[in-house]
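Have a look at the structure below, then the notes.
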Amino acid sequence: MSAAPPTVRLAPDELAGAVGERVAGGRRFAGLVASGDDAGSTILRAFIAGGPSFEVVETELPAGVSEYPSLTPSVPAASWYEREIHDLYGITPAGHPRLDPLVLPLAGTDRAHPRPGSSTAVGQLTLDRSPLPAHVTGEGLFTIPYGPVRSGVFESVEYLVESYGEDIPHLRTRVYYKHRGIERRFSDLRIRDGVLLAERVEGTASVAHAVAFCQAVESLTGVDPTPAADLVRVVHLELERVACHLDSVIRHTEGSGQAVAYARMSLHKERLMRLRARLCGHRFGRGVAVPGGVSGPLLLEPADALAGIEALEEAIAKDMAVLMQTPSFLDRLRSTGTLPSDVAEIHGALGPVGRGSGVVNDVREDRPYGGYRLLGVDVAEPEPAGDALARQRVRLEEISSSFSLVRRALDELSASRAEPTWCRDMPEADGLGVGWVEAPQGELLYLVEVRRGRIIRTAPRTASFHNLALMPQAFRGDILTDFVFIEASFGLSMAGVAR
Amino acid sequence: MAAWLLRGLREGVVTTRYPRRPDDYGESFRAAVSVVPSAASPSDARLADLCPTGAISVETDRVLLDRGRCVVCGRCVTAAPDRFKFESGPEVASVRRAALVVPKAGEEGVDLDGLREGLRTQVKAFRRSVHVRHVDAGSDGSEEWEVSALLNPVYDVQRLGIYFTASPRHADILLVTGAGSIGMLDPLRTTYDAMPDPKVVVAAGTDATSGGLVHPSYATAGGVAAAVPVDVWVPGSPPSPFSLLQGLILAMQVLSGEAVGR
């Protein structure tokens, strides 16, 4: 695994300029996370993609200083990050255009801030019924609050649709309903317990979160997993990607009333979940990744696993081929929810959302890790159209490239004769590590700080959080009935957004 | 259209016959952890330290495991296989929270055959359909997948008269997932209040039961019982579709006034 990321430390008023300069120079802003300590000071760390690792540009706000010049005016993608930090740390980015609460309620801002990274007392959240004020005003305009209790089996989130009937000129999302205080919950956990919690940050991407967490810890100790353990991780990571992409397809077929396609795709997903359980004992691959490797070998012989995977791959491909020629399905996706390429590029859109708008950020290719260094990745071709159909096409291509990776990983595993070491001993090491994984939703970054075997701070930067900020931009010219397709084609997890 | 129809027909019947007949996959799924009966003295306090959620408690003469707190990570099974084992089979839900603590006082096992006979006759007797309203109260997202799976052709809960509804006005059963995030307590309560009587609440998953690994937290209430009165508890992280199905059948029993004291 990589060593500590290259880090530049600056004064608080230099941060915005330094990050803005790097982004203007063509590098990608990948996130901004804060970390507090018990003395009251806070460190802000901006992640800049480019090169073999992520560059960290950081600044320290001493106790008593609660303001710094905002990044958002020069780097719009920082907006949600700064809102979240404002919620959790009470730090104000001066000059931020719209500092609405994001993960915490509107009312009761006088309570003690959670300040993840610190162990100071936190005020329990209180119930909040205050509505968000309308942003768009004009004759006949009204706001439709959609959620947090949804019409169907969905994760809770509130969308505020500002509309004058059918068109949606403006959309806002309110994610605080699902905020669970996960980042603060990591504090003081033992590392092995931290992995279990990481698996529950975004439960549909459990393997990606566990592996990213483990890689961050492994980067501290310098102990890499054995190649065999890395390959087992790849098998689970890629099957998880297929499951998530199938879920997006299922929601598309449900929304467009394709009853048979819905039943077929749901059947494939169930078979896939069962195969995953046969490989590790858990339908979501929990318990597989542990710091130093994996908890054990695949529970199926590679030949049996391969047979199951090939059968599934063929069945899915056949049905997908029919689905992609079903006009009543395609009509709902075509030119629906178009995310313009330039918007996606400026924001640094991740995963299938980015690729569907012609922006390729695949951390498996850009900064290879674990088994991908051995196997290589055929990254799906970008689809520049930017609509829900383009994102669907990207997912179909990713499904087939994931299956191919799984097959190659299984081949490599069955070729090795000696019984490999599944988990290497991890010495205790203090410090700050960064891990990354291409999760089904896109690039996932983990920052983990450890002291004497205990976690000080864990900051999962999910693609769901990064990409959700883009969703309102995809509503240009779309109407209320397109909503389900835009949401499903983004394929995000609210658990990963609100944390 | 014809292409789709043929594809569907060619597959044949894939639907499980549970609960009328046991299901091979349901039987093999690791749904919970049990305490192995042992003659050896259990008073080894270190057993309790094995558990990341504090589900294991050691008393002077026995070891107890609270499935309502257990996230089925299996760490205790790996570290002390003579004391703990995985339990397969879907029947882990209960109408009493205290019954999730195993082994129950005075008995080491559960009368599974009797329970299954009850489930079978219940389904036969149940002529009315029930409508289920799902609410996510701070889940990790995986529970929603397992709840949705109940609608796939393998579980196909409509065959048992179970329907999911968007409107709480039509709902008989409130199926709640998640650790009880503070933000969702109010909307959850509002949904419950909007449902007509009689109504039954199912806490789906270890998070919904106790908060699981997420609790304690400044932003969660440690389970959904903080907002609504829970009638059926389904452990699991997440619970498998089979466990959820058994929980829903128990909820149907509660609705029809036949709840067994399990």
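The values are calculated or read from the model by the stated rules, or taken from the named source; none is laboratory data. All values reported here derive from a predicted model rather than from experimental measurement. Backbone-built Cβ (ideal geometry, glycine too); neighbour counts: all protein chains shown.
Evaluate the following for B:SER139: is it within 28 Å of A:HIS268 (Cα to Cα), in a loop (DSSP other than H, G, I, E, B) and at pLDDT 90 or above? Break it down stepwise before answering.
Details: within 28 Å of A:HIS268 (Cα to Cα): yes; in a loop (DSSP other than H, G, I, E, B): yes; at pLDDT 90 or above: yes.
Against the criterion (within 28 Å of A:HIS268 (Cα to Cα), in a loop (DSSP other than H, G, I, E, B) and at pLDDT 90 or above), B:SER139 qualifies.
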Residue list for the range A:144-166, filter: farther than 19 Å from B:SER181 by Cα and either at pLDDT 85 or above or of a type in the set (A, V, I, L, M, F, W, C) (or both): A:ILE144, A:LEU160, A:VAL161
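For the range A:43-53, enumerate the residues that are within 18 Å of A:ARG457 (Cα to Cα) and either among the hydrophobic types (A, V, I, L, M, F, W, C) or not in a strand (DSSP E or B) (or both). Show your work before the answer.
Looking only at the range A:43-53, we keep the residues that are within 18 Å of A:ARG457 (Cα to Cα), and these are A:43-47.
Residues satisfying the conditions are A:ILE43, A:LEU44, A:ALA46, A:PHE47.
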Restricting attention to the range A:1-42, the residues that are charged (D, E, K, R), outside any loop (DSSP other than H, G, I, E, B) and free of Cβ contacts under 8 Å to residues at least 60 places away in the same chain number exactly 5
If you check B:THR78 against the conditions, is it outside the structural domain of B:GLY211 (by TED's automatic domain parsing) and either out of contact with any Cys (no Cβ under 8 Å at 6 or more places or on another chain) or modelled with pLDDT under 85 (or both)? yes
I want to confirm something. Restricting to the range A:277-291 and keeping residues that are outside any loop (DSSP other than H, G, I, E, B) and within 12 Å of chain B (Cβ to nearest Cβ), which single residue is surrounded by the most Cβ atoms within 10 Å (Cβ to Cβ)? A:CYS280
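Starting from residues that are surrounded by 13 or more Cβ atoms within 10 Å (Cβ to Cβ) and not in a strand (DSSP E or B), keep the ones in the range B:29-38 and report whichever is nearest to the other protein chains (Cβ to nearest Cβ). First the steps, then the outcome.
We begin by selecting, within the range B:29-38, every residue surrounded by 13 or more Cβ atoms within 10 Å (Cβ to Cβ); these are B:29-36.
Imposing the further condition that a residue be not in a strand (DSSP E or B) reduces the set to B:29, B:36.
Details: B:PHE29: 7, B:VAL36: 18 Å.
So the residue we want is B:PHE29.
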Any idea which residue in the range A:440-499 is nearest to A:SER400 (Cα to Cα), counting only those that are modelled with pLDDT under 90 and among the β-branched types (Val, Ile, Thr)? A:ILE486
Can you find even one residue in the range A:420-429 that is more than 27 Å from A:ARG373 (Cβ to Cβ) and over 20 Å from the mean Cα position of the chain (by Cα)? no
Which of the numbered conditions does B:LEU47 fail, given that it passes all the others? Conditions: (1) part of a helix (DSSP H, G or I); (2) within 14 Å of chain A (Cβ to nearest Cβ); (3) not charged (D, E, K, R). (2)
Just checking, does the range A:292-303 include any residue being away from every other protein chain (no Cβ under 13 Å), surrounded by fewer than 24 Cβ atoms within 10 Å (Cβ to Cβ) and in a helix (DSSP H, G or I)? yes
Looking at B:SER57, B:SER34, which one is closer than 17 Å to B:ALA99 by Cα and touching an Asp or Glu at 6+ places or on another chain (Cβ under 6 Å)? B:SER34
Go through the residues of the range B:175-182 one by one and say whether even a single one is touching a helix residue (DSSP H, G or I) at 6+ places or on another chain (Cβ under 8 Å) and more than 23 Å from B:SER237 (Cβ to Cβ). no
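Is it the case, given these coordinates, that A:SER187 is more than 10 Å from chain B (Cβ to nearest Cβ) and touching a Lys or Arg at 6+ places or on another chain (Cβ under 8 Å)? Outline the logic, then answer.
Working: more than 10 Å from chain B (Cβ to nearest Cβ): yes; touching a Lys or Arg at 6+ places or on another chain (Cβ under 8 Å): yes.
Considered against the rule, which asks whether it is more than 10 Å from chain B (Cβ to nearest Cβ) and touching a Lys or Arg at 6+ places or on another chain (Cβ under 8 Å), A:SER187 comes out as yes.
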Just need a number here: residues in the range A:337-360 that are touching a residue at least 40 places away in the same chain (Cβ under 8 Å), buried (at least 24 other Cβ atoms within 10 Å of the Cβ) and assigned to a loop (DSSP other than H, G, I, E, B). 5
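Taking the condition part of a helix (DSSP H, G or I), charged (D, E, K, R) and without any contact (Cβ under 8 Å) to a residue 60 or more places away in the chain, does A:ARG274 pass? Walk me through how you get there before you give the answer.
Working: part of a helix (DSSP H, G or I): yes; charged (D, E, K, R): yes; without any contact (Cβ under 8 Å) to a residue 60 or more places away in the chain: yes.
So A:ARG274 fits the description; yes.
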Specify the residue that is farthest from the other protein chains (Cβ to nearest Cβ); the eligible residues are those in the range B:157-190 that are under 24 Å from B:GLY222 (Cβ atoms) and among the β-branched types (Val, Ile, Thr). B:ILE173
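If you go through the range A:421-434 one residue at a time, do you hit one that is away from every other protein chain (no Cβ under 14 Å) and on the phi > 0 side of the Ramachandran plot?
Narrowing the range A:421-434 to residues away from every other protein chain (no Cβ under 14 Å): A:421, A:424-434.
So of that shortlist, the ones also on the phi > 0 side of the Ramachandran plot come out as A:431.
Looking for residues that are away from every other protein chain (no Cβ under 14 Å) and on the phi > 0 side of the Ramachandran plot, one finds at least one in the range A:421-434, hence yes.
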Determine, yes or no, whether B:PRO19 is exposed (fewer than 14 other Cβ atoms within 10 Å of the Cβ) and farther than 30 Å from A:ALA198 by Cβ. no
Any hit, the range A:475-489, residues being within 14 Å of chain B (Cβ to nearest Cβ), under 22 Å from A:VAL249 (Cβ atoms) and in contact with a Gly (Cβ under 6 Å, 6 or more places away or on another chain): yes
For the range A:450-480, what are the residues that are in contact with a helix residue (DSSP H, G or I) (Cβ under 9 Å, 6 or more places away or on another chain) and either farther than 24 Å from A:GLY348 by Cα or among the basic types (Lys, Arg) (or both)? A:VAL450, A:GLY453, A:ARG454, A:ILE455, A:ARG457, A:ARG461
Is one or more of the residues making up the range A:247-263 more than 17 Å from B:ALA149 (Cα to Cα), buried (at least 24 other Cβ atoms within 10 Å of the Cβ) and of a type in the set (A, V, I, L, M, F, W, C)? no
Could you grab me the full set of residues in the range A:190-200 that are closer than 21 Å to A:ALA439 by Cα, more than 7 Å from every other protein chain (Cβ to nearest Cβ) and not in a helix (DSSP H, G or I)? A:GLU199
Filtering the range B:165-223 for residues that are closer than 29 Å to A:SER187 by Cα and part of a loop (DSSP other than H, G, I, E, B) leaves a count of 13
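Report, by residue number, each residue of the range B:82-101 that is within 14 Å of chain A (Cβ to nearest Cβ) and within 18 Å of B:PRO37 (Cβ to Cβ). Steps first, answer last, please.
Filtering the range B:82-101 down to residues within 14 Å of chain A (Cβ to nearest Cβ) leaves B:85-88, B:90.
Residues satisfying the conditions are B:LYS85, B:PHE86, B:GLU87, B:SER88.
To keep it simple, each residue is scored yes or no on (1) farther than 17 Å from A:VAL19 by Cα; (2) out of contact with any Lys or Arg (no Cβ under 9 Å at 6 or more places or on another chain); (3) in a loop (DSSP other than H, G, I, E, B); (4) among the charged types (D, E, K, R).
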| site | (1), (2), (3), (4) |
| --- | --- |
| A:VAL57 | no, no, no, no |
| A:TYR68 | no, yes, no, no |
| A:ALA78 | no, yes, no, no |
| A:LEU88 | yes, no, no, no |
| A:HIS96 | no, no, yes, no |
| A:ASP100 | yes, no, yes, yes |
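Going by what's in this entry, would A:LEU220 be described as touching a strand residue (DSSP E or B) at 6+ places or on another chain (Cβ under 6 Å) and assigned to a helix (DSSP H, G or I)? Can you show your working first?
On the way: touching a strand residue (DSSP E or B) at 6+ places or on another chain (Cβ under 6 Å): yes; assigned to a helix (DSSP H, G or I): yes.
Spelling it out, A:LEU220 is indeed touching a strand residue (DSSP E or B) at 6+ places or on another chain (Cβ under 6 Å) and assigned to a helix (DSSP H, G or I).
So if I check each of B:VAL77, B:VAL72, which one is closer than 28 Å to B:ARG20 by Cα, in contact (Cβ under 8 Å) with a residue 12 or more places away in the chain, crowded, with 17+ Cβ neighbours inside 10 Å and within 14 Å of another protein chain (Cβ to nearest Cβ)? If you could, list the steps in order and put the result at the bottom.
Numbers: B:VAL77 fails: closer than 28 Å to B:ARG20 by Cα.
Matching residue, one of B:VAL77, B:VAL72: B:VAL72.
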Which residue pairs have Cβ atoms closer than 9 Å, lie 6 or more positions apart in sequence or on different chains, and pair a first residue in the range A:133-154 that is facing chain B (nearest Cβ under 8 Å) with a second residue that is modelled with pLDDT under 80? A:PHE154/A:GLY147
